[in-house]
Amino acid sequence: MGGPAALSEKGSSARAGVAVSLRGVTKVYDSGVTALGPLDLEVRNGEFVSLLGPSGCGKSTALRLIAGLSASTSGTVGISSRDGQVRTGHSIGFVFQEPTLMPWTSVRENVRLPLKLAKMPPAESEARVHQALTHVGLSDFADAYPRELSGGMKMRVSLARALVTDPEILLMDEPFAALDEITRFRLNNDLLSLWRNLHKTIIFVTHSVFESVYLSERIIVMTSRPGRLSAEIRIDAPAARGEDFRTSAAYADYCRKVSNALAPSYAGQPGS
Amino acid sequence: MSSLQNPPLSSDAAGAETRGLRLVRILLPVVVLAVGIVLWELVVRLNDIPPYVLPGPGAVFTTLIHDWPELSRSLLTTLLTTLEGFVAASIGGVALALLFNQSKWLEYSLFPYAVILQVTPVIAIAPLLLIYLPQQTAVVVCAWIVGFFPVLSNTTLGLNSVDRNLNGLFQLYGASRMQKLRYLKLPSALPFILGGLRIAGGLSLIGAVVAEIAAGSAGAGSGLAYRIAESGYRLNIPRMFAALLLLSVAGIVIYGLLALASHLILRRWHESALGKEI
């Protein structure tokens, strides 16, 4: 297992290998607005990283660049898989801000979509669809239509669809922002246990300090317009986090620290 | 995460209210119709109006029964023309929209002419078509001209209103052009296409009737519109009304069937069909 050469100095980490690396990446829109960068970012295999920043700071743009949904104006975006090979979009799962389900078909067919597009025969994909739905606790709802589900359940379907190709990297763009707090907490916990069990690399975009501290190993705080890295905070808490952690003093300390790091990003914005 | 499939608790009360409202919505037009027929009959009888000026509803109904063999044959002819025009309009409209969607060049080159065809009154085109085409073909072409534009423009609109995020999702998973069309664009456009077909159904009937009227003097046609024209020459006013009645009913049935088909196809997912589910 010959990992890529450029590695972080924390050689003690068992999961060496860079999953995603951005170097000097910028994004300038046709209107001339610089949305992002230059941004340098490296995410190791199996890491849970949050991109945190005010609305419109380019964090979603960064995610779309990593996913290959839009092209960077300059700089390089590198995706490499565990075996060192560079691969394309198929090793990436993407969860959008909205559930983004096809309303005209069942939960099962929605989850099956990535496999269907990869031309996998239905007989073969059936087991994987079932497994993905089981991961998110929705195996009983395979025949339901999206409109019959609550917001939280729709988001779970969206997550199952991202998991069905068994990607190594999961990109999540403020997936729980529109949910009520209780549902969001529950999905946070489920996401953490999925991450622990499935060993995915997760890049999670959010504007919630509390959510980012609760979930991540590392938080990238970004400035707004153009989006740049302003601070990087490591959360040294056990991976098996639960409601205890949410009410602990350490959690509150981290939240304060991250809030302080985030404050300059809001400086000069109206209403702050 | 368990009770989410049940409908809201208040649905019983709301359901009763909706049912009541629906009953009123069906009853009111029926009452208006009955009142109208009675008034019509009264006006004719009280003023002693002769049937060749204005026949009463009774006379119209009697004519309908008496002339049924002839009228039904004409109805069938008109319906067949309408159906042919409608099918041609549906296939043509959807196919053209798909082509436009795949090639912008084609769209830019041809769309203006589709609009021109649409805005030029068909009654003015029909006599020309009747000169150059066999009569039956000309009549179907008229039905097609009137019906195809709503299908084309609605399908185009539908194909262009695909959800942006879903589009990104398909891109992320490397969907081919055909896959995108089949699994994303066509299902997204389906409600729009069905809406277009619903309009096209009624319009095809109008196109068929207009062409039949225009062709009337040529004599060979035997559709309902031709019957109306012919009866007019013979001052057989009750038969004009009877044929008109049949045309109206045909239009209503066509619309109803297409609306029903649309509802059945969309009822599991589309907003437009959900309200009726309670």
Helix axis angle, A:151-163 relative to chain A longest principal axis, alpha carbon, degrees: 90 degrees
Report the full-extension gain for the segment A:ALA71 to A:ASP190: residue separation times 0.36 nm, less the Cα-Cα distance, to one decimal in nm. 39.6 nm
I need A:LEU52, B:LEU257 ordered by Cβ neighbour count within 10 Å, fewest first. B:LEU257, A:LEU52
Apply 1/(1 + (r/R0)^6) to the Cβ-Cβ distance of B:MET178 and A:HIS199, taking R0 = 30 Å, and write down the FRET efficiency to the nearest 0.05. 0.25
For B:LYS104, the lysines lying under 22 Å Cα to Cα, once residues fewer than eight places off in the same chain are dropped, come out as B:LYS180, B:LYS185
With axes computed from alpha carbons, what is the tilt in degrees of helix A:107-117 against the longest principal axis of chain A, rounded to the nearest 10 within 0 to 90? 80 degrees
Which whole-number percent gives the relative contact order of chain A, counting Cα pairs below 8 Å spaced six or more residues apart? 24 percent
Can you show me the helix-derived [θ] at 222 nm for chain A, built from DSSP H runs with n ≥ 4 at -39,500 (n - 2.57) apiece and divided by the number of residues, rounded to the nearest 500. -10500 deg cm²/dmol
So for the stretch A:95-166, Kirkwood radius off the Cα pairs, Stokes-Einstein at 25 °C and 0.890 mPa s: how many µm² s⁻¹? 210 µm²/s
What does the charge dipole of the protein assembly as shown about its Cα centre add up to, to the nearest 20 debye, if the Cβ of each Lys and Arg holds +1 and the Cβ of each Asp and Glu holds -1? 720 debye
Gyration tensor over alpha-carbon atoms, the protein assembly as shown, equivalent ellipsoid semi-axes in Å: 64, 27, 20
Based on other C-beta atoms within 10 Å, arrange B:CYS142, A:CYS255, A:CYS57 from fewest to most. A:CYS255, A:CYS57, B:CYS142
Dipole magnitude (debye, nearest 20) for chain B, charges at Cβ of Lys, Arg, Asp, Glu: 700 debye
Just check chain B against the gyration tensor rule for me: Cα atoms, a ≥ b ≥ c as the square roots of the eigenvalues, rounded for a/c under 1.5, and otherwise prolate or oblate depending on whether a/b exceeds b/c. oblate
Antiparallel DSSP beta bridges within the protein assembly as shown, percent to nearest 5: 50 percent
Taking Cα atoms of chain A, Rg/Rh with Kirkwood Rh, to two decimals? 0.96
Aspartates and glutamates within cross-link reach of A:LYS116: Cα-Cα under 18 Å, excluding same-chain residues under 8 positions apart? A:GLU124, A:GLU126, A:ASP143, A:ASP166
Using alpha carbons only, how many degrees (0 to 90, rounded to 10) separate the axis of helix A:249-266 from the longest principal axis of chain A? 70 degrees
With +1 on the Cβ of every Lys and Arg and -1 on the Cβ of every Asp and Glu, the dipole magnitude of chain A about its Cα centre, in debye rounded to the nearest 20, is 380 debye
Return the FRET efficiency for the residue pair B:GLN118, B:ARG267: r is the Cβ-Cβ distance, R0 is 25 Å, and the value is rounded to the nearest 0.05. 0.20
Ranked by Cβ crowding within 10 angstrom, fewest neighbours first, how are B:ARG73, A:ARG161, A:ARG64 ordered? B:ARG73, A:ARG64, A:ARG161
Cβ-derived FRET efficiency at R0 30 Å, A:LYS119 paired with B:LEU257, nearest 0.05: 0.20
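Throughout, read-outs are computed from the coordinates displayed, never taken from laboratory work. Keep in mind that this is a model prediction, so the values were computed, not measured. A quick note on method: Cβ atoms are made from the backbone with ideal geometry, for glycine too, and the neighbour counts reach across all protein chains shown.
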